[in-house]
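J.: I am attaching a structure below and will ask some questions about it afterwards.
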Amino acid sequence: MLRILRDPIWQGIAAIVAIVAGIIAFMPKAEPCEEPIFQTVQDAQLCGSTEEIVEVSPATPKTCRRLEFGQAGYVHTQTVTQSSGWRGGGSNPTNWCNELSQSFINARSIGATAATDIVNTTEDARWTGTFGRTRQYNYGCTVRISWEPLYNERTDPVCGMNPAVTTRKILAKSCKKQIGTKEIPCT
């Protein structure tokens, strides 16, 4: 093997290898480069926040009573029974009921919304006066008087709307946060 080392060709090859090894030894070594690693996070403290108005429940129609929903009855109803007392002829029980109803309505300032319903009528007659030649009548009437119409109740937009129920909600924004690095070859 010593003989090979003395051969000038081999000595030249050895010299070249030594020179290349020296150059490589003194060359700056390439350091690996680092690249950041990001992750998208949703965090109010890191990324900030926004405020949003959120509807909890929608607007709903109100409930009311209205003429167009139809009539359910009356708020007030009273039954009145009264006799006319003895009076001359020329009338009848229905006329007396009308007088009684009108008197009741006027005395209480009920107005045009009143409704009357004749429940019962009676008529008594007698002869009076000189020689019993005058006829008198006593009319009786039971009448039901109702006033202040009570309309059907309905939930309908025509009654108005209850407002929607809302709340304020704080929403965290999204952003990228560095969670580490990774080594990559430098270019």
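J.: Could you list, in sequence order, the residues of the range 1-34 that are at pLDDT 80 or above and exposed (fewer than 11 other Cβ atoms within 10 Å of the Cβ)? Spell out how you get there, then give the answer.
T.: The first filter runs over the range 1-34 and keeps only residues at pLDDT 80 or above, leaving 16, 19, 33-34.
Ile16, Ile19, listed by residue number.
J.: Does Glu51 satisfy the condition of being touching a residue at least 12 places away in the same chain (Cβ under 8 Å) and either assigned to a loop (DSSP other than H, G, I, E, B) or closer than 30 Å to Trp127 by Cβ (or both)?
T.: no
J.: Let me ask another. Can you say whether Val41 is exposed (fewer than 12 other Cβ atoms within 10 Å of the Cβ) and outside the structural domain of Leu150 (by TED's automatic domain parsing), as far as the supplied structure shows? Break it down into steps so the answer makes sense when it comes.
T.: Values: exposed (fewer than 12 other Cβ atoms within 10 Å of the Cβ): no; outside the structural domain of Leu150 (by TED's automatic domain parsing): yes.
The answer is no for Val41.
J.: Another question about this same structure. Give me a count of the residues in the range 58-71 that are under 24 Å from Arg144 (Cα atoms) and exposed (fewer than 12 other Cβ atoms within 10 Å of the Cβ).
T.: Of the residues in that region, 2 qualify.
J.: I've got another one for you. Of (1) closer than 30 Å to Asp156 by Cβ; (2) surrounded by 12 or more Cβ atoms within 10 Å (Cβ to Cβ); (3) not hydroxyl-bearing (Ser, Thr, Tyr), Gly111 satisfies all except one. Which?
T.: Checking Gly111 against (1) closer than 30 Å to Asp156 by Cβ; (2) surrounded by 12 or more Cβ atoms within 10 Å (Cβ to Cβ); (3) not hydroxyl-bearing (Ser, Thr, Tyr), the one that fails is (2).
The values are calculated or read from the model by the stated rules, or taken from the named source; none is laboratory data. Computed from a predicted model, the values in this text were never measured in an experiment. Note: ideal-geometry Cβ built from the backbone for every residue, glycine included; neighbour counts use all protein chains shown.
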